[in-house]
Amino acid sequence: MKKVTAEPYRDIDFSKATRGPVIPAESGKTKISIRIDNSVIEYFRAQVERAGSGNYQTLMNDALVAFIQQRSVVDAVRQVVREELSIPRAKPKQTRARTVAA
């Protein structure tokens, strides 16, 4: 049996090293920790398996973005309808019945 020995000491210069991740995070994205129902995660993982490749987290993000866009369209339509309904309509002119002098 081969005897395993520790690697010999190396003098490594860390004076120009920077703190943080080796690979920078994507701009426009924030890492968070949330709790999601198991059934939701299972659904998105199953979608990825059915597709043959992908990332369930990306699918979840895409679903949230689609929901936000759908809501903004619905809110815009509601706003237009409210504005249209609140426009005061011109009242039809009432005509007075003329009396005929006899």
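Between 0 and 90 degrees, the angle of helix 38-51 with respect to the longest Cα principal axis of the chain falls at about 80 degrees.
Looking at the chain, which longest stretch skips every one of the trypsin sites (Lys or Arg not before Pro) that is in a DSSP loop with at most 13 other Cβ atoms within 10 Å, leaving the sites themselves out?
36-88
Among the chymotrypsin sites (Phe, Trp or Tyr not before Pro) in segment 1-67, those located in a DSSP loop and surrounded by at most 11 other Cβ atoms within 10 Å of their own Cβ are Tyr9, Phe14. Across segment 16-29, rounded Karplus estimates of 3J(HN,Hα) from the backbone phi angles (6.51 cos²θ - 1.76 cosθ + 1.60, θ = phi - 60°) give 9, 6, 10, 7, x, x, 5, 9, x, 6, 5, 6, x, 10 Hz, Gly and Pro being marked x.
For the chain, what does the alpha-carbon gyration tensor say about shape, rounded, prolate or oblate, given a ≥ b ≥ c as the root eigenvalues, a/c under 1.5 as rounded, and a/b over b/c as prolate? Verdict is prolate for the chain. The phi-based Karplus calculation (6.51 cos²θ - 1.76 cosθ + 1.60; θ = phi - 60°) puts the 3J(HN,Hα) values of segment 57-65 at 5, 5, 4, 5, 4, 4, 5, 5, 4 Hz, whole numbers, x for Gly and Pro.
Any read-out appearing in this document is the output of simple, stated calculations on the displayed coordinates, not a laboratory observation. Note that the coordinates shown come from a computational prediction; the quantities given were computed from them, not determined experimentally. We place every Cβ from the backbone using ideal geometry, glycine too, and count neighbours over all the protein chains shown.
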